[in-house]
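The values are calculated or read from the model by the stated rules, or taken from the named source; none is laboratory data. The structure displayed is predicted, hence computed values, not measured ones. Don't worry about glycine lacking a Cβ; one is built from the backbone with ideal geometry, like all the others, and counts go over all protein chains shown.
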Amino acid sequence: MRGRKPQPVRLQLVKGDPSKRGVRKLEDRAAKEARRAPPVMPDPPPELKGDALEEWRRLAPLLVTTVGLAAVDRGVLVSLCLAWGRLMQAERSLAELAKFDTKFHGLMIRTKAGNMIPNPMVWVASKAATDYHKLSSDLGMTPVSRSRLAPIEPANDDPAEEYFV
């Protein structure tokens, strides 16, 4: 598929209707989507441990309220949190190796034959960071996505308030 990835309707509404389709049409589509997959706070799977579980607990409530995270989005969020866990684990491993290697700081290792090669943990960290970035952009969490967000107006609880402003 070519072109930009389609974004969730709720994310388009938060961004302030960048496609200029009309807020009313987007709100109607959002209402239809909400009936299909209402926003819910999914429970974390038991496979998430440590940093991945902390990332789940940090992101899930935010994503439910901002982009309307639904139960069908659970897999994307699990993948995102697992990528974060792998990234943190690889970075801790590299930091531990750097304590003993003042020359290369853990970025290079010596093979049994005596050759210097890049540490595989560098690749693991890089791949996890790439995965995290791709998945976070799908959920509207990258700095570019945030820069495009329109400010959210506070909810007006009193219907008569609009007549007195």
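Name the residue, out of 85, 68, 106, that is of a type in the set (Gly, Ala, Ser), closer than 19 Å to residue 136 by Cβ, in contact (Cβ under 8 Å) with a residue 12 or more places away in the chain and out of contact with any Lys or Arg (no Cβ under 7 Å at 6 or more places or on another chain).
One residue alone meets the criteria, 85.
Within the range 65-91, restricting attention to residues that are among the aliphatic types (A, V, I, L, M) and surrounded by fewer than 17 Cβ atoms within 10 Å (Cβ to Cβ), which residue is nearest to the chain's Cα centre (by Cα)?
Selected residue: 76.
Give, as residue ranges, the helices (runs of 4 or more DSSP H) completely inside the range 16-104 that count at least 3 residues that are within 30 Å of residue 118 (Cα to Cα), of a type outside the set (Lys, Arg) and at pLDDT 85 or above.
It comes to 50-66, 74-100.
Inside the range 105-132, can you point out the residues that are surrounded by fewer than 16 Cβ atoms within 10 Å (Cβ to Cβ) and not in a helix (DSSP H, G or I)?
Answer for the range 105-132, where residues must be surrounded by fewer than 16 Cβ atoms within 10 Å (Cβ to Cβ) and not in a helix (DSSP H, G or I): 105, 107, 108, 110, 111, 112, 113, 114, 115, 116, 117, 118.
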